[in-house]
Structures are given as C-alpha cells and as structure tokens.
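Read-outs: derived from the displayed coordinates by stated rules, not from any lab. These numbers were taken from a predicted model, which means no experiment stands behind them. With ideal geometry, Cβ positions are generated from the backbone for all residues, glycine too; neighbour counts draw on all protein chains shown.
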Amino acid sequence: MRQQRCGYNPTMDMVCHQEDGRSFFGPMPDSTFVDASGGWHDAGDQLKYLITGSYATGHLLMAHQLFPNRFEDKVNALGQPGGNGIPDVLDEAKWGLDWLLKLHPAPDQLIHQIADDRDHRGFKIPNQDNSDYGWGENSYRPAYFATGKPQGLGKYKSESTGMANIAGRSAAALALGARIWKEIDEAFSIQCLRAAKSLYALGRKYEGYQQGNSYGAPYRYNEETWNDDMEWAGAELYKATGESSYLTQAKDYALKSSNADSWTVRDSAAHYQLYPFINLGHFSLHEVVDQNFKKTLENFYQEGIEYTLKKAQTSPFEVGIPFIWCSNNLMTSLATQLILFEKMSGNTQYQPYLIAQRDWLFGKNPWGTSMFTGIPRHGDFPVYVHTAPYVKLGLEIPGGLVDGPIFRTIHSNLIGLTLERPDDYIGRQNPFIVYHDAVGDYSTNEPTMDGTAGSILMMTYFSRE
Ligand SMILES: [Ca+2]
Ligand SMILES: [Ca+2]
Ligand SMILES: [Ca+2]
C-alpha cells in the first residue's frame, strides 16, 4: 500500500502528481483547479479512483477494529521508517481518510476519479508521468465530480445512475475512522464524522451508482451495487452517533442488498459489477441488531458460502470462485466472508474450506505459486509483475496481490497481451484457467491496490499477536 501512495511516495522517496487536478462535471467551470492530491495509484497504472480507494480505506479500518493488537508500528504517517506511536495500518488508513476528505470539499460535491485511460502510455516512474490531458506532460490531470449521471469526456460514457455506492462507502470509512480517532485526535474525528454524515445524505439524495470513467477505451469499473454501501454507512453512522434513523435505514438497505449484490451466488459478473467483493455492511450491522435480524444477516453470508462450496466440491483444489478478472480479489473476499461468518455465528464448520481458499492463494494451485509478491520469502511468488516500480526501477512490491488466474475464454480475447519471457509453468497450465508470471500478462500478474488492501483482514486473522 505504501508503494502505491500518490503525492508523496515513501518507497520511492518521491513526490508525484502534485497538480491533481482540474475539475470536470463539477459545479464550478470545467478546468478549475481542485486539490485532489494524495490517495493511492490504483494498480500498474497511476489513475486514482474513489471506487477502490474508499473500499481500501474501510477495509484497513475494519481489520484494525477486529484485531487491534496485531499491527506493528514501524513507520510514521508519511510511511517513512521510524515509529510514531500509531499502528501502521492506521497510518495507511489515515492516508486514505485524508484523501476522502479532500474529495468531498463541500456538502454537495464529491470527486470520484483522477485521470483516465489517457494514463496508459507504457510504464512510467510516477514523478515522470508522460500522460498529457491537455496541459502538457506530467502536469494537471482531470478530477471528475460525481453527478449521478453517465460521464465520459471521449467517445465512451459510463452508465451511472446515482452516487450512493461511492458516497455510502466513503461515509462508512469516515464514520469508522471517526470512532477510532476519537481516542487519537478528536478534531480529526469530528471532521471525519461531519463528512460521513454529509456523504450519507448525498447517497440518500442520489440513490444508484456512479461508475468509473474511460476516455479512449470502453473498459471501466462497472460497479452497479449501492445498497451494500449504504447499509455499511448506515451501520457505521449508527455506531458513531447512536441516532436510530441510521439503524432503521441500514436494516432496510440490508434486506435490499441481501445477496442481490453478491458475486458469491452467481457464476459470472462484469468487471467490478458487484463491488466490493464482500458486503462488509452485513458484518458491521450484525453487531447492533436483534437476534432475528442477526440470523438473517448470517444467512446471507452462509447462502453465498454454500453456493461457492458446491462449485468447490467439483474442484481438486476445493476452490469455488468464478475465474473472472481479478479472481484473487474474489478469493480473498471469500476467505474474509468465511472468517466474518464464523465471528458472527460462532459456527466453525467451514474451517477446512477457509484453509483451502487461503492455501490456493499461497501456492496450493496448479502452478504451485503464491499470489503475493515476496511471500513466502523462499517460495515461488510473482516476480515479473506488471507495474512501473518493478519494471522501471527494479523494486520489489512487497505483499502485493496480483490479479491471479483467469478463464482462458476471457484471456484469449484480451488485446495487447504478449509474454516477454518463457512461461515458467509449461506442463502445469490447463485448458480452463491460466496464470503467467510475466510483465506482459496484465490480466494475471498486475498487483492491484484494492486487492492487496482487501487481503489484510485475512492476513491479520492468520497472524499472531
Ligand atoms: Ca506507525
Ligand atoms: Ca457496491
Ligand atoms: Ca514466480
């Protein structure tokens, strides 16, 4: 996560993208400067999305909430070596919270994306970004304001219908942050809570989803779910304020989200259509509802688990996910759902299934490789990863989760995919799903920021105090 930081990057000791950005679709004239610096680069490219940034921030905070004593303090707020008395997971989460606050500069304003696919001009060192959005290379980038309507500055438009997904998820992260920082920095806590409330109101006003924007290609984050995010926001705001209207509304969103928002009960989905890949709202709400409603929420998780388990029973590796793009993100999310179901219900019957999902990620798979860079230290893990810090600077990407194996039916239709090195896994590939440890395979070997963040709760569960 530190390696993906934008603004100041502690891994590269480098300042980048200080001119983020200039407004589009906002209430002010287009091209007005707004301060949207900070946040994280999304993956091998250097775009920044609230879609993934809000989830990453919320997931980090949830991991700390559940396992507060399992995190080290080795870096300061900027991510530089040397402790600062704050667990590093919270330093990283605050990097996210600070950015969320910037993206919501007024009650009716929400910036949801910085830059677009004009970014895709080969690998580049972050402070030498040669993409040009009309102000010259390595200069201003567009900052897109959410409008709840389809957007795009080029040929392609998103299919947005509202903004409750990103507003809700950001509100959830900020409300959770407000509770945690109450003990650390009360002024910051108050700031977070105020923003969470106004974001939640924005979500109520613009129910529906805001998707990612593309410019020159039709590829984007196609999120279509928002009841899950408003449920999470309502639950967290109830915990932060005690106001019962939040609880009532969260329960309403929970029933609408149910498993309608979950990939776990389906055999396929469009790219990020059902995002986040776990509904953390069900878990968050569980803590504050009566026994009957608790059972309902547990049943949602269990129904999804059972659906994947049926598929797993036909797999020699006992894995039950559909191998769409970013299958590893689905896998860590399923592991997280299994962990949270156990915490909610006390039911330990899925322990072996959880272990099988975990082991797939660490090497019990057809290729015999871990999916996390650098882990385990002396094992086979992704080395030739599709990301600039590795390609341009030779840096390791410690702990980065790559996209992972993908259906051959999808892989064989992808454009511009060539392997620059021999396949390590000849003889271990199979007709159904494919994985390559090669920079050229952007579909299986690109570390993603949100996938890495989404692994942290699982990692923490299996760690020791
Ligand atoms: Ca620290
Ligand atoms: Ca959603
Ligand atoms: Ca390898």
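Could you list 406, 375 in order of exposure, starting from the residue whose Cβ has the fewest other Cβ atoms within 10 Å? Each step should come with its number before you reach the end.
Numbers: 406 23, 375 18.
Ranked by crowding around the Cβ, least crowded first: 375, 406.
In nm², what is the average projected area of the convex hull enclosing the Cα atoms of segment 1-85?
Values: hull surface 28.0 nm².
Hull-based average projected area comes out at 7.0 nm².
Could you tell me the calculated FRET efficiency between residue 409 and residue 299, based on Cβ-Cβ distance and R0 = 25 angstrom, to the nearest 0.05? Mind dumping the intermediate values first?
On the way: r = 33 Å, r/R0 = 1.31.
Efficiency for this residue pair is about 0.15.
Pairs of alpha-carbon atoms within less than 8 angstrom and 6+ residues apart define the contacts here; what relative contact order does the chain have, in percent?
Details: 1002 pairs, mean separation 64.2, N = 465.
Dividing the mean separation by the residue count of the chain yields 14 percent.
Ordered by packing density, taken as the mean number of other Cβ atoms within 10 Å over each peptide's residues, highest first, how do 338-351, 309-322, 170-183 rank?
Values: 338-351: 16.6, 309-322: 15.1, 170-183: 26.0.
Sorting 338-351, 309-322, 170-183 by mean packing, highest first, produces 170-183, 338-351, 309-322.
Can you classify segment 418-465 as rounded, prolate or oblate using the Cα gyration tensor, where a ≥ b ≥ c are the square roots of its eigenvalues, rounded means a/c under 1.5, and otherwise it's prolate if a/b beats b/c and oblate if not?
Details: a/c = 2.92, a/b = 2.03, b/c = 1.44.
Prolate, since a/c reaches 1.5 and a/b exceeds b/c.
Starting from the Cα-Cα distance between residue 313 and residue 185, subtract it from 0.36 nm times their residue separation and give me the gain in nm to one decimal.
Values: separation 128, 0.36 × 128 = 46.08 nm, distance 4.92 nm.
Full-extension gain reported as 41.2 nm.
Tell me, what is a quarter of the convex hull surface for the C-alpha atoms of segment 67-115, in nm² with one decimal? Walk me through the numbers on the way to the answer.
Values: hull surface 19.5 nm².
Result: 4.9 nm².
Find how many whole Å separate the alpha carbon centroid of segment 296-315 from the alpha carbon centroid of segment 419-465.
24
Please report the relative contact order for segment 97-197, taking Cα pairs under 8 Å with a sequence separation of at least 6, and give it as a percent rounded to a whole number. Could you put the intermediate results ahead of the total?
On the way: 112 pairs, mean separation 22.5, N = 101.
So the answer I get is 22 percent.
What FRET efficiency, computed as 1/(1 + (r/R0)^6) with R0 = 22 Å and r the Cβ-Cβ distance, is obtained for residue 69 and residue 396, rounded to the nearest 0.05? Please report the intermediate quantities before stating the final value.
Details: r = 28 Å, r/R0 = 1.27.
Calculated value: 0.20.
Report the net charge of residues surrounding residue 355, where surrounding means a beta-carbon distance below 15 angstrom and charges are Lys +1, Arg +1, Asp -1, Glu -1. Don't skip to the answer; put the middle values down first.
On the way: positive: 358, 364; negative: 318, 342, 359.
Summing Lys/Arg as +1 and Asp/Glu as -1 gives -1.
Taking 0.36 nm per residue of sequence separation and subtracting the Cα-Cα distance, how much length would be gained by fully extending the chain between residue 32 and residue 421, in nm to one decimal?
Details: separation 389, 0.36 × 389 = 140.04 nm, distance 4.51 nm.
Length difference between fully extended and current span is 135.5 nm.
If packing is taken as the average count of other Cβ atoms within 10 Å, what order do 26-37, 149-160 fall into, highest mean first?
149-160, 26-37
Write down the Å³ per residue value for the convex hull defined by the alpha carbon atoms of the chain. Present the calculation step by step, with values, prior to reporting the outcome.
Numbers: hull volume 62.4 nm³, N = 465.
Cα convex hull per residue, to the nearest whole number: 134 Å³.
So what's the gap between the Cα centers of segment 31-47 and segment 223-260, to the nearest angstrom?
Between the Cα centre of segment 31-47 and that of segment 223-260, the gap is 28 Å.
Take the residue pairs 155/205; 74/256; 157/205; 124/364; 94/124; 310/343 and return only those whose Cα atoms are more than 31 Å apart.
Values: 155/205 29 Å; 74/256 42 Å; 157/205 22 Å; 124/364 34 Å; 94/124 27 Å; 310/343 22 Å.
Violating the 31 Å Cα-Cα cut-off are 74/256; 124/364.
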